Structures are given as structure tokens and as C-alpha cells.
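Below: one structure, written as C-alpha cells.
All of the numbers you see were taken from the coordinates with simple rules; none came from a lab. Keep in mind the model is a prediction, meaning the values are calculated, not measured. Cβ coordinates were reconstructed from backbone atoms using ideal geometry, including for glycine residues, and neighbour counts include every protein chain displayed.
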Amino acid sequence: MADLHEVILDAATTADAGLLSNLLELYIYDLSEAFRVEIGADGRFGYSKLALYWSEPERRFPFLIRCDGRIAGFALATRGSPATDDPSVFDVAEFFVLRRHRRSGVGRRAAVLLWSRLPGRWIVRVSEGNPGAIPFWAGVIGEFTGGAATALTRPGDPHAWRVFSFESGPQHITG
Ligand SMILES: CC(C)(COP(=O)(O)OP(=O)(O)OC[C@H]1O[C@@H](n2cnc3c(N)ncnc32)[C@H](O)[C@@H]1OP(=O)(O)O)[C@@H](O)C(=O)NCCC(=O)NCCS
């Protein structure tokens with residue numbers, strides 16, 4: 001029923017830093033089920049790289065996901081990826097849909113908007129300890145590329161990583 005909802009990817013500005021910081025707390029809390037993440041003494045996880053998204057605009061791309069005008073999540077992308085030495089590759093650094101909006105196609109739509117906004121070679125790294133994210137990315141990337149993506153498994157601690165690699169180009173329809 002995704003198409004009944006309007007999903008938008010908005011470039012986040014410094015004015016959105018507080019909002020993104022709050023959403024990152026919810027995201028890291030979700031991920032702390034799979035990763036050993038400790039909360040700080042102030043009751044926050046913190047995300048020290050957030051400010052870089054505005055000080056390094058040539059290689060960091062922050063977006064808010066809105067669904068029918070409401071905040072539904074965010075996507076943080078970088079140029080350059082921990083999974084390759086190629087500095088031109090785009091990487092999905094962080095990606096989050098609020099629970100209220102899950103399983104209604106918001107993530108699928110936002111991912112396609114992201115890859116279409118930044119055409120080029122993309123890498124998506126997913127922890128195998130994140131059981132919902134594996135079928136999500138495998139399905140969405142498979143649909144987007146028509147099965148043309150490569151998927152490798154890399155060792156990781158505490159869980160292995162699934163690393164998807166594919167091309168996005170102007171031929172991809174986002175409407
Ligand atoms: C993973 C996440 C982004 C998915 O967002 P979403 O908006 O719920 O995803 P969609 O509704 O677009 O799902 C598209 C398809 O992916 C698959 N999928 C999505 N979530 C799934 C889950 N938890 N378990 C199994 N399959 C899932 C389904 O095939 C789904 O289609 P369907 O609902 O018609 O069956 C969201 O659950 C999330 O933010 N999780 C916490 C943060 C996270 O893990 N981020 C990814 C880090 S790599």
C-alpha cells in the first residue's frame with residue numbers, strides 16, 4: 001500500500017541537526033539489540049560524526065525521510081565506504097525508518113529515492129545480526145537493480161557483514 005503515501009527525501013540542513021541527533025538515538029537504540037553499544041552516562045548514545053555531514057558536504061549527504069509530511073526516518077550517505085578503497089563509491093552509512101512507519105514501503109521508497117538522487121556505484125553493508133535489515137536490503141536492492149547487484153559476506157565481530165554492491169543511474173525511475 002506504499003503508493004498511497006507520499007514519501008519524500010529532504011536534504012537535511014544544519015537547522016535539522018537537533019532533529020537528526022534525536023532520531024539517531026532511536027536508531028542506535030534499535031541497533032543495540034544486535035551490536036554491543038553502551039549508552040553514555042548522560043543517557044544518550046551520541047553520534048560524533050553527525051557534524052561532519054555539514055562540514056564535509058562534498059562527501060557526506062544527510063537526508064530526512066518524510067511520509068505524508070511527517071518525519072518518518074533518515075538516511076545518511078557518504079562518498080567512500082569502509083568496504084572499498086575506491087573513494088568515489090557511495091555508501092549507505094545509516095538508514096532508519098521509525099517503527100510507526102515500518103512495513104508500509106517507506107524504507108523501500110526512500111532507498112530508491114536515495115540511490116536515484118546520487119547516481120553512481122553504491123555499497124550497502126548490513127550486519128547479519130540485524131535480521132530485519134537483511135531481507136529488506138536484499139529485496140529492495142534486488143528490485144532496484146533487476147538482480148544485477150553483487151552480494152558478498154565479510155567477517156565481522158560480533159556478526160558477519162553482507163556487502164551489496166550495485167550501480168544506480170538515471171535509468172532508474174523514482175516517480
Ligand atoms: C530495515 C528498515 C529500514 C526497513 O524499513 P521499512 O520501511 O519497514 O521497510 P519496507 O516497508 O519498505 O519493507 C520493504 C520490504 O522489505 C522486507 N522487510 C522489511 N522489514 C523487514 C523485517 N523486519 N523482516 C523481514 N523482512 C522485512 C519485506 O519484504 C518488505 O516488504 P513487505 O512489507 O511487503 O513484506 C527498518 O526496519 C529500520 O529502520 N530498522 C532499524 C534500523 C536498521 O536496521 N536500519 C538498517 C541498517 S543497515
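Bridge orientation summary for the stretch 2-168: considering DSSP beta bridges with both residues in this region, about 95 percent are antiparallel.
Between Y29 and R121, what length comes free when the chain is fully extended (0.36 nm per residue of separation minus the Cα-Cα distance, one decimal in nm)? The partial results should precede the final answer.
Values: separation 92, 0.36 × 92 = 33.12 nm, distance 2.97 nm.
Fully extending the segment from Y29 to R121 adds 30.1 nm.
Based on other C-beta atoms within 10 Å, arrange L31, L23 from fewest to most.
Details: L31 17, L23 22.
Starting with the residue having the fewest Cβ neighbours, the order is L31, L23.
Determine, for R70, R108, the number of other Cβ atoms within 10 Å of each Cβ, and report the residues in order from fewest to most.
By the 10 Å Cβ count, ascending: R70, R108.
In sequence order, the stretch 14-20 has phi-based couplings of 4, 5, 8, 4, x, 4, 5 Hz under the Karplus curve 6.51 cos²θ - 1.76 cosθ + 1.60, θ = phi - 60°, and Gly or Pro positions carry x. Computed over the chain with a Gaussian network model linking Cα atoms closer than 10 Å, the most mobile of D91, D157, D16 is D157.
If you take the C-alpha gyration tensor of the chain, multiply each eigenvalue by 5 and take the square root, what semi-axes do you get, largest first, in whole Å?
Working: eigenvalues 100, 81, 61 Å².
Semi-axis lengths for the chain are 22, 20, 17 Å.
Restrict the search to the stretch 25-96; then list the GluC sites (Glu not before Pro) that DSSP places in a loop and that have at most 15 other Cβ atoms within 10 Å of their Cβ. Each step should come with its number before you reach the end.
Details: sites: E25, E33, E38, E58, E94; in loops: E33, E38, E58.
Filter output for the stretch 25-96: E33, E38, E58.
Listed by Cβ neighbour count within 10 Å, with the fewest neighbours leading, S21, S104 appear as S21, S104.
What net charge is computed for the residues neighbouring T84, neighbours being all others with C-beta under 12 Å from the C-beta of T84, Lys and Arg scored +1, Asp and Glu -1? Intermediate values should be presented prior to the final figure.
Details: positive: R79, R121, R125, R154; negative: D85, D86, D91.
Residues near T84 contribute +1 overall.
Under 5 Å from the amide H of A12 lie the amide H atoms of F63, L64, each residue being 5 or more positions distant or on a separate chain, with H modelled from the backbone and absent for Pro and chain starts.
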